[in-house]
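Below is one structure, written out as structure tokens, with a few remarks after it.
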Amino acid sequence: METILDIEWVLACYADDVPANGGACVKHGNEQIAIYNFVRRGEWYATQNLCPHKQQMVLSRGMIGSEGDSCEPKVACPFHKKTFSLLSGECLSGDEFQIKTYPVRVEDGKVYIGIV
Amino acid sequence: MSQPTIVVVGNGMVGYKFCEKLVSRSAQFNIIVFGEESRIAYDRVHLSEYFNGKSADDLSLSTLSWYADNGIALHLDDPIQEINRIDKTVHSLKGTVIKYDYLVLATGSSPFVPNIEGIEKNGVFVYRTIEDLDLIRDYAANAKVGAVMGGGLLGLEAAKALIDLGIKETHVIEFAPRLMPRQIDSAGSAMLQSKLKQFGLSIHLNKSTSEIAGDDKIEFLKFNDDTSLMVDMLVISAGIRPRDELAKLAGLQTSSRGGIMVNEKMQTSDECIFAIGECALYNSMIYGLVAPGYEMADIVVAYLTGGDKFFYGYDMSTKLKLIGVDVASFGDAFVTEPECRTIVFEDTHKGIYKRINISNDGKYLLGGILVGEAEAYNILLQTVNNKILLPPNPEDLILGSRGGEGVEGAGLMSLPDDALICSCEAVSKLAICSAVNEGASGIDDIKKCTKAGTGCGGCVPLVKDLIAGTMKANGQYVKNVICEHFDYSRQELFDMVKINKLKNYDLVLDHFGKGDGCEVCKPAVASILSSLWNDVIVKQDTIQDSNDRYLANIQKGGTYSVVPRIPGGEITPDKLIVIGQVAKRYGLYTKITGGQRIDMFGAHVNDLPAIWEELIDAGFESGHAYGKSLRTVKSCVGSTWCRYGLHDSVSFAIEIEERYKGVRSPHKLKGGVSGCVRECAEAQAKDFGIIATEKGWNLYVCGNGGSKPQHAQLLATDIDSATCIKYLDRFLMFYIKTADPLTRTATWLNKMDGGIAYLKNVIINNSLDINEQLEEEMQDLVNTYHCEWKEVVENDELRKRFVHFINAPEEKDPAIKFEPMREQIKAKW
Ligand code: SRM
Ligand SMILES: Cc1cc2nc3c(=O)[nH]c(=O)nc-3n(C[C@H](O)[C@H](O)[C@H](O)COP(=O)(O)OP(=O)(O)OC[C@H]3O[C@@H](n4cnc5c(N)ncnc54)[C@H](O)[C@@H]3O)c2cc1C
Ligand code: SF4
Ligand code: FES
């Protein structure tokens, strides 16, 4: 069986608003979503803003980078430096955490986040 | 068929490990655990750390949800009171009855309390559970003199705990003629004793206590030799008694001296009932350590899951740090001539005693004892356990080889593959080396993929050496590289960035790195860039640590703190009023810091620019409390007011703070200036400290408070103010250029070959011929100082970054909540 998910593309902000190689937080209803402008790779990512380790709303203020030979893109929480894959949301520092990730599209300088 | 039910009695260290091992190997069982204590299993081995700031949570071995996630029913605070072996049921205190297929007894042991008159008095404690420690802590608050009965391993640990609790006078009373009679010999005990004395412990050997006297609470101890000792409290640590009462009641075979008898499959006299951990008696032995307990757990799990593994006793070698003194005993520690040849090394000056016992043919190491220095423990233990042939000069093992290849490294790599490196988790050398060959490159990696080093932690140094050894053997060059993205040490990178005049992170990464960087190299490079060029750091905000990115320290809940600079701790009434007004306007919590200034907590990120605008208008500057840079130069009031003051310490502290403010460094920097030797500014606890003398100033460097306090060392005596600043310029710049990231000056000096003598030679005698350059470089940094907050406040583009929601800049983070406390607020979290 195959399920096709309906993705709603929500306008989040302007591309210029998000600092190069860093993140910013977007409000979507009651949700907080972190988006990352990975200029070095020409890529955009989005995850939940809440760090699951100690429940802090801070991931958008974390540093981004990559890990390993495959250059897995990641964000490090500014609180205790737990790192999470921006692709899968998996915690890369050995804990069992998992964060939500969202697809991102940029058109005409506008950034859209895909909400399922 | 339905799943067999396993009931585990006791949720201590071994009971928990049993569950962990069982669920990791099979989902075939229905597991039910009963624990007498009200907490989930915790780490008893590190129990004493409860007094050094670890909470009960920190000590927990897992979480309630772990039990739930693995389908384990956990009954806490509900001991089993009866086992009915005919119906195969257990009965708990609260009335639960469960039918079991297999029963595992992991009831541990209780402290042995001798039957001495007065033992029931208030102020007499045992040392086994978190509750015991709570009781001890409460009572110690009003006690001045403490004693521990028993000079064994646990007794000495309890004595250390009493010292940590602030009991100035602590006594250890031991019945035997030496300390730690099970682990070390008389000569080792004598050495240990003299070291412990230096730490303020009074030790009484050959003493047996006849009475605990006092009205309703303990007041003094009476001994058999008619002497006595006034004490306010007593901790009993006279040995352990296996908890076999439940087993006895159920008619299982127990020993008259205590312990549930088991065979090599850990089966009791009833084949469906097992006993593991400190309650189990194997071959007339109780094993009072965790590692053998874990091994026993493993054997039962193997049995239940169809494997065949047997217990044949366990090596009781131990290494521990007692009150700062290393003590280790391994293999056959007590064998004497003529059964063996013994080599002893003693250094009474340094307090080191080492003994090794060697087979008569000189080929094998049988065992030994180390007191005062036990670095060689791991490798010696491996040498015994793996029957490694000794080198021609076995004394090298304890003296270190004098000239030629180090025996340690060589010996380590020649261990057989199955050598057990981590005994808590049963990880072999092969497992660690294979992990390295498959790409693991640091201790964290190894912990993650093999679990080695995650138990008691004792093997971590050995694991690190193995990693380095394997990498070297693979031709991988091991050095202090910054991270996976930069194959250079900080010092190398510093020089390369300087020579190539690189001014931003991306350029540095393109030139010398690979990948996209990470949270380790970004701030390290950011620090190098600012130490070199002193540019406005928020221009490259996303390579800064979070605190530097927002020029404020992030707090629990996501608010920030605001710390304006108050040089030397001197402040005018008008400025105090401004701080009060700003704090009121933005609803901030205020507190005087340990660094003689004022911290305002609880600021929303959106409010930071406005708060700073007001502060800057009133003449304040950033205090760099968020940066790896100069924090404060603490001062005492000095000669202007103090009757003892020799010079004006406040003016000098202000001059120095103004000079180095804003300078970025590998770690934070703190200074102090005191007006006389009474040292009210605590200058000797700082990275640099200046103390007035009759003739000028004494300059101390490389002190540290924090978790490993260290006094600063004297660099120069009786120098004038200008010389003092010149030396400081050189010292600070030398540190900035050569230290590893996040290394305080104390650690930097500790690692420096030649130590303070070498540093003196560089700073005072110009032995590297770099002083002129160091002074110029520092002067550049001083000249290019700017207040980072001023740059932000005056620049609309930069101000715009201080928002929580990029698409709703006016809105504050709704997740942030406060609650009232003592007429101020605190973060609700
Ligand atoms: C506010 C203050 C406590 C107070 O209320 O008194 C404080 C608060 C923090 N200290 Fe401290 N330390 C404060 C004085 C000290 C002192 C005492 C002193 O400076 O005389 C020490 C020991 C002296 C020393 O550093 O050698 C001290 C040793 C530490 C350490 C351990 C450093 C070490 O080398 O082991 C850390 C952790 C670190 O830096 O990695 C730390 C880290 C921290 C951090 C930054 C932790 C963090 O990242 O959140 C705290 C947050 C500050 C904030 O949010 O504003 N703090 N801290 C003090 C601020 C002084 C100031 O005016 O700037
Ligand atoms: C201060 C201190 C320091 C130590 N340091 C070291 C060290 O450095 N290295 C080392 O190897 N070892 C050390 N030990 C010893 C180590 O902690 C023990 O070997 C280990 O805890 C034994 O585990 P266990 O599960 O057998 O017993 P425990 O951890 O004592 O667990 C037994 C549990 O069973 C419960 N129980 C008993 N009867 C019942 C019942 N009828 N029903 C339900 N529950 C019951 C008990 O309340 C207890 O919670 C130290 C111990 C202490 C106290
Ligand atoms: S250090 Fe000296 S001058 Fe300073 S307050 Fe103390 S006694 Fe006075
Ligand atoms: S809160 Fe994110 S790592 Fe701890």
Inter-chain Cβ neighbour average for residues A:13-23, partner chain, 10 Å: 4
Centroid-to-centroid separation of region B:161-192 and region B:572-644 [C-alpha atoms, Å]: 48
Dipole of the protein assembly as shown, positive end: most advanced residue of B:L320, B:I616, B:L728 [Cβ charges, Cα centre]: B:L728
Among B:V463, B:L430, B:L420 - extreme Cα towards positive end, dipole of region B:417-478, charges at beta-carbon: B:V463
Fraction in percent of alpha-carbon pairs per bin - 5 Å, region B:417-478: 4, 22, 36, 24, 11, 3, 0
Residues A:D95 and B:I443, FRET efficiency given R0 of 25 Å [Cβ-Cβ distance, rounded to 0.05]: 0.90
No Cys partner within the rule (Cβ under 4.7 Å), chain A: A:C13, A:C25, A:C71, A:C91
Two-site FRET efficiency, B:L576 against B:T454, from Cβ-Cβ distance with R₀ of 60 Å, rounded to 0.05: 0.75
In region B:198-275, the GluC sites (Glu not before Pro) that fall in loop regions by DSSP, at most 16 other Cβ within 10 Å: B:E219, B:E264, B:E271
Region B:490-544 - Rg over Rh from alpha carbon coordinates, Kirkwood radius: 0.91
Span from the region B:785-799 Cα centroid across to the region A:10-49 one, whole angstrom: 24
Span from the region B:413-435 Cα centroid across to the region A:54-114 one, whole angstrom: 35
Size descriptor, Kirkwood hydrodynamic radius, that averages inverse alpha-carbon separations across region A:8-115, Å: 13.6
Diffusion constant of region B:629-794 at 20 °C, which comes from Stokes-Einstein with the Kirkwood Cα-pair radius and 1.002 mPa s, µm²/s: 134
Between helix B:186-198 and chain B: long-axis angle, C-alpha atoms, 0 to 90°, nearest 10: 40
Charge tally in the Cβ shell below 13 Å around B:I236, where Lys, Arg are +1 and Asp, Glu are -1, B:I236 excluded: 0
Difference of contour (0.36 nm per residue) and Cα-Cα distance, B:L93 to B:D465: 128.9 nm
Dipole magnitude of region A:8-115, debye to nearest 20 (Cβ charges: Lys/Arg +1, Asp/Glu -1, about Cα centre): 320
For the protein assembly as shown, with +1 on Lys and Arg beta carbons and -1 on Asp and Glu, the positive-most of A:G68, B:N378, B:F310 along the dipole: B:N378
Sites matching GluC sites (Glu not before Pro) across region A:22-116 that sit in DSSP coil, with at most 16 neighbouring C-beta atoms within 10 Å: A:E96
Degrees between helix B:290-304 axis and first principal axis of chain B (Cα, 0 to 90, nearest 10): 60
DSSP beta bridge pairing in the protein assembly as shown, given as percent antiparallel to the nearest 5: 70
For region B:124-238, share of DSSP beta bridges that run antiparallel, in % to the nearest 5: 30
Label point distance in nm, B:D417-B:D720, each placed 7 Å from Cα along Cα→Cβ: 7.3
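Can you pull out the chymotrypsin sites (Phe, Trp or Tyr not before Pro) in region B:291-328 that DSSP calls coil and that have at most 15 other Cβ atoms within 10 Å? Walk me through the numbers before you get to the answer.
Working: sites: B:Y294, B:Y303, B:F310, B:F311, B:Y312, B:Y314; in loops: B:F310, B:F311, B:Y312, B:Y314.
Answer by residue number: B:F310, B:Y312.
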Chain B, relative contact order in percent, only Cα pairs under 8 angstrom and at least six apart counted: 7
Difference of contour (0.36 nm per residue) and Cα-Cα distance, B:L768 to B:R643: 40.7 nm
B:C422 long-range amide H proximity, modeled H, under 5 Å: B:V427
Length released on extending from B:H349 to B:K248, taking residue separation times 0.36 nm less the Cα-Cα span: 31.1 nm
Cα centre as origin, Lys/Arg/Asp/Glu Cβ charges: the protein assembly as shown dipole, Debye: 820
Spatial extent of chain B: Rg and Dmax, with the Cα atoms as the point set, Å: 31.0, 91
Rounded to whole Hz, the Karplus (6.51, -1.76, 1.60) HN-Hα couplings of region B:547-563, x for glycine and proline: 4, 6, 5, 9, 6, 6, 7, 6, 10, 2, x, x, 8, 10, 10, 10, 10
Label point distance in nm, B:E337-B:F310, each placed 7 Å from Cα along Cα→Cβ: 3.9
Taking only Cα atoms of region B:742-829, radius of gyration then Dmax in Å: 23.6, 60
Number of partner chain Cβ atoms within 10 Å, mean per residue of A:72-79: 4
Global form of region B:478-606, assessed from the alpha-carbon gyration tensor, a/c cut-off 1.5: prolate
Computed E for B:F818/B:N122 - FRET, C-beta separation, R0 30 angstrom, nearest 0.05: 0.10
Share antiparallel - DSSP beta bridges, chain B, percent rounded to 5: 65
Cα shape, region B:268-331, gyration tensor, a/c 1.5 rule: prolate
Per residue, the convex hull volume that the Cα atoms of the protein assembly as shown enclose (Å³): 223
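Only the coordinates and a few stated rules stand behind these numbers; no lab work does. For clarity, every value in this text was computed on a predicted model and none was experimentally measured. A quick note on method: Cβ atoms are made from the backbone with ideal geometry, for glycine too, and the neighbour counts reach across all protein chains shown.
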